[in-house]
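The values are calculated or read from the model by the stated rules, or taken from the named source; none is laboratory data. Nothing here was measured: the structure is a model prediction, and the numbers come from that model. Methodologically, a virtual Cβ is constructed for each residue, glycine included, from the backbone with ideal geometry; neighbour enumeration extends over all protein chains shown.
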Amino acid sequence: MQNPLISILIPFKNTGAYLKPCLTSILNQSYSNWELLIVDDGSTDNSFNIVNAFACKDERIQLFKNTGQGIIDALHLAFSKSNGELITRMDSDDIMQPNKLEILAHNLLTHGKAHVAVGLVKYFSEEGIKDGFKNYEIWLNGLTEKGHNFSEIYKECVIPSPCWMVYRSDLIACGAFNPNRYPEDYDLAFRFYKQGFTCIPCNEVLHNWRDYQTRASRTHVHYAENHFIDIKLKYFLELDYNPNKTLVIWGAGKKGKTIAKKLIEKQLKFEWICDNPNKIGRDIYGVILKPFSYLKTVGNAQSIITVANKTEQKDILKYMKALHLKPMADYVFFC
């Protein structure tokens, strides 16, 4: 099988404590035909010097300073300097398994263009992994093992940002890193989905994902909950919303109310249901909340489900199946 050049793109900022194991894991890859385009996004610690020492020893590592500001500008710069036929991301505080590039490239070359190669991920932390991250890992890996990532894209980001690989031409077809929209990894996943790409199943852990208190996804304003709703709703209305169906919101908690307000702003009509007896019959934002049993009478509904409780989600899923409703076409989970 051919041995194409892989371009690895890494933005970094103040990750000096983690860069050495990250870069060492890249140097130790079983697949050696790679180039690393790594961009300093305004570090104030010793990160630049650490990377520069590695770059001086291996010409495959090219170090740049961000000419803009933020991770998207850094990715723009890295991609513009790249030459690989295959493109992948990496985070500067994580660790690659030794066969990561080899397996991702093999899977992508086997299946061809219009595919996304992904791998299982494993969180690690000196402080211990909290339940939320562990649950995300289990959920994400469950999708990846079957290649069904896009089937639940409105729940959370279904493509691990530092563990995917695509053909260069496919990334360009998706707009690469052009939209200045956060979270940038979730937006790219939606654009892979929009383009009709298929995720390649994988049952091997290829990436060790570090968690710590100052990690960007924990602290940056662009990763706030309201931005997740914005990006979900944007792509739902663009890609999966059926105006010939009656739009229904299920759930009147914080997320349900946020979505309701945004739909009202867009002048989109909807029905609103819940299973909370204290809210049924109430007028919220000019819409009367109805019991969930009302869904049976709608006949041609498309529901946005905002209920976050996992047990309740299972009950809702059983209810949808009993009504012979199909995921994505008739209902999506926004949680």
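The residues of segment 53-63 that are among the acidic types (D, E) and either surrounded by 12 or more Cβ atoms within 10 Å (Cβ to Cβ) or in contact (Cβ under 8 Å) with a residue 12 or more places away in the chain (or both) amount to a single one, D58. Does I38 count as out of contact with any Cys (no Cβ under 9 Å at 6 or more places or on another chain) and more than 21 Å from L101 (Cβ to Cβ)? No, not satisfied. Residues in segment 130-153 that are under 28 Å from D73 (Cβ atoms) and either hydroxyl-bearing (S, T, Y) or in contact (Cβ under 8 Å) with a residue 40 or more places away in the chain (or both): F133, Y136, N149, F150, I153.
Scan segment 273-282 and tell me whether some residue there is assigned to a loop (DSSP other than H, G, I, E, B), modelled with pLDDT of 95 or more, of a type in the set (A, V, I, L, M, F, W, C) and not assigned by TED's automatic domain parsing to the domain that holds E152. Yes, segment 273-282 has at least one match. In segment 148-169, the qualifying residues are those that are in a helix (DSSP H, G or I) and of a type in the set (S, T, Y), and the one that is surrounded by the most Cβ atoms within 10 Å (Cβ to Cβ) is S151.
All told, I280 falls short of being out of contact with any Ser or Thr (no Cβ under 6 Å at 6 or more places or on another chain), among the aliphatic types (A, V, I, L, M) and within 23 Å of P243 (Cα to Cα).
Within segment 294-306, is there a residue that is in a helix (DSSP H, G or I), in contact (Cβ under 8 Å) with a residue 40 or more places away in the chain and among the hydrophobic types (A, V, I, L, M, F, W, C)? Checked against the condition, which is being in a helix (DSSP H, G or I), in contact (Cβ under 8 Å) with a residue 40 or more places away in the chain and among the hydrophobic types (A, V, I, L, M, F, W, C), segment 294-306 yields at least one hit.
Quick check on A117: is it in a helix (DSSP H, G or I) and buried (at least 18 other Cβ atoms within 10 Å of the Cβ)? Considered against the rule, which asks whether it is in a helix (DSSP H, G or I) and buried (at least 18 other Cβ atoms within 10 Å of the Cβ), A117 comes out as no.
Under the condition of being more than 20 Å from K326 (Cβ to Cβ) and either surrounded by fewer than 11 Cβ atoms within 10 Å (Cβ to Cβ) or of a type in the set (D, E, K, R) (or both), which residue from segment 294-311 is farthest from the chain's Cα centre (by Cα)?
So the first thing to find is which residues in segment 294-311 are more than 20 Å from K326 (Cβ to Cβ), and the list is 308-311.
Then drop every residue that is not either surrounded by fewer than 11 Cβ atoms within 10 Å (Cβ to Cβ) or of a type in the set (D, E, K, R) (or both), which leaves 310-311.
Working: K310: 20, T311: 24 Å.
If we take residues in segment 294-311 being more than 20 Å from K326 (Cβ to Cβ) and either surrounded by fewer than 11 Cβ atoms within 10 Å (Cβ to Cβ) or of a type in the set (D, E, K, R) (or both), then T311 is farthest from the chain's Cα centre (by Cα).
Only one of I172, I129, I138 is surrounded by fewer than 20 Cβ atoms within 10 Å (Cβ to Cβ) and in a loop (DSSP other than H, G, I, E, B); which? Walk me through it before giving the result.
Values: I172 fails: in a loop (DSSP other than H, G, I, E, B); I138 fails: in a loop (DSSP other than H, G, I, E, B).
Of the residues listed, the single one that is surrounded by fewer than 20 Cβ atoms within 10 Å (Cβ to Cβ) and in a loop (DSSP other than H, G, I, E, B) is I129.
Being at pLDDT 95 or above and of a type in the set (K, R) is a property that K269 has. In segment 101-116, the residues that are on the phi > 0 side of the Ramachandran plot form Cβ pairs under 6 Å with partners that are at pLDDT 95 or above and crowded, with 16+ Cβ neighbours inside 10 Å, at six or more places apart or across chains, as follows: A114/F197. Just one of the listed residues (I95, I71) is buried (at least 20 other Cβ atoms within 10 Å of the Cβ), in contact with a Ser or Thr (Cβ under 7 Å, 6 or more places away or on another chain) and modelled with pLDDT of 95 or more, namely I95. Within segment 219-237, residues that are hydroxyl-bearing (S, T, Y) sit with their Cβ atoms under 8 Å from residues that are assigned to a helix (DSSP H, G or I) and at pLDDT 95 or above, at 6+ positions apart or across chains, in these pairs: Y235/F190; Y235/Y193; Y235/K194.
Would it be correct to say that P183 is within 14 Å of the chain's Cα centre (by Cα), modelled with pLDDT under 95, under 27 Å from Y18 (Cβ atoms) and surrounded by 14 or more Cβ atoms within 10 Å (Cβ to Cβ)?
Numbers: within 14 Å of the chain's Cα centre (by Cα): yes; modelled with pLDDT under 95: yes; under 27 Å from Y18 (Cβ atoms): yes; surrounded by 14 or more Cβ atoms within 10 Å (Cβ to Cβ): yes.
Taking the combined requirement at face value, the residue satisfies it.
When I38, I50, I26 are checked against the criterion of being in a strand (DSSP E or B) and either surrounded by 16 or more Cβ atoms within 10 Å (Cβ to Cβ) or in contact with a strand residue (DSSP E or B) (Cβ under 7 Å, 6 or more places away or on another chain) (or both), I38 stands alone in meeting it.
The condition of being under 17 Å from C202 (Cβ atoms), assigned by TED's automatic domain parsing to the domain that holds F177 and in contact with a strand residue (DSSP E or B) (Cβ under 7 Å, 6 or more places away or on another chain) does not hold for Q62.
Can you tell which of D275, D240, D330 is acidic (D, E), under 29 Å from F197 (Cβ atoms) and crowded, with 16+ Cβ neighbours inside 10 Å?
Working: D275 fails: under 29 Å from F197 (Cβ atoms); D240 fails: crowded, with 16+ Cβ neighbours inside 10 Å.
Just one listed residue meets the conditions, D330.
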